[in-house]
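Below you'll find the structure, written out as structure tokens, and then a few comments.
The values are calculated or read from the model by the stated rules, or taken from the named source; none is laboratory data. Note that this is a predicted model, so its numbers are computed, not measured. Note that we place each Cβ from the backbone using ideal geometry, even for glycine, and neighbour counts take in every protein chain shown.
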Amino acid sequence: MSNDPEDEIAAVRAQVEQTREELGETVEALAYKADVKSRAHDKADEVKAKAQDAAEQVKAKVVPAAEQLKAKVGPSVGPAAEQVKAKAGPTAEQLKAKAGPTALQVRARAQQLPPPVLAGAAFLLVALLVRRRRRARRRP
């Protein structure tokens, strides 16, 4: 080192500035460690990004395979689906259409009954269901 006071002052000032920067970085690091919520959010974002990447990779593999399978099986599925529909009987929509008026009648009648009668009917229904289940368990 030289004995020039200007050089010594400049060196000390540079050292003080460097120490301030290091201290600022240390304070930021400690503040980040103390902020658990922020760290958890960062980790969640990281995991979410990994999951999205994995999903995209799986999709990239599955979609072409599904297309190939669809091309191979597609022509034979149509007739089979028609057979299943024919044998299955009424669809849910058809059943709703048939049961709709009956359900409305039951609802209207239930609204006319006093609450104790409804409670008794509900109890009776539950008792019958429990009895039925117990009998079914006893049978081999």
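Rundown of residues vs (1) modelled with pLDDT under 90; (2) among the aromatic types (Phe, Trp, Tyr), yes/no style:
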| residue | (1), (2) |
| --- | --- |
| Ile9 | no, no |
| Gly24 | no, no |
| Ala29 | yes, no |
| Tyr32 | yes, yes |
| Asp35 | yes, no |
Checklist line | Condition check for Ala10: part of a helix (DSSP H, G or I) and more than 50 Å from the chain's Cα centre (by Cα) | finding: yes
Check: When Pro90 is evaluated against the numbered criteria (1) surrounded by 10 or more Cβ atoms within 10 Å (Cβ to Cβ); (2) at pLDDT below 70; (3) out of contact with any helix residue (DSSP H, G or I) (no Cβ under 8 Å at 6 or more places or on another chain), which criterion, by number, is the only one it fails?
Finding: (3)
Margin query: Residue under question is Val47, and the condition is that it be out of contact with any His (no Cβ under 8 Å at 6 or more places or on another chain), of a type in the set (Val, Ile, Thr) and modelled with pLDDT under 80; does it hold?
Written below: no
Check: With respect to Lys70, is the statement that it is surrounded by 10 or more Cβ atoms within 10 Å (Cβ to Cβ), charged (D, E, K, R) and modelled with pLDDT of 80 or more true?
Finding: no
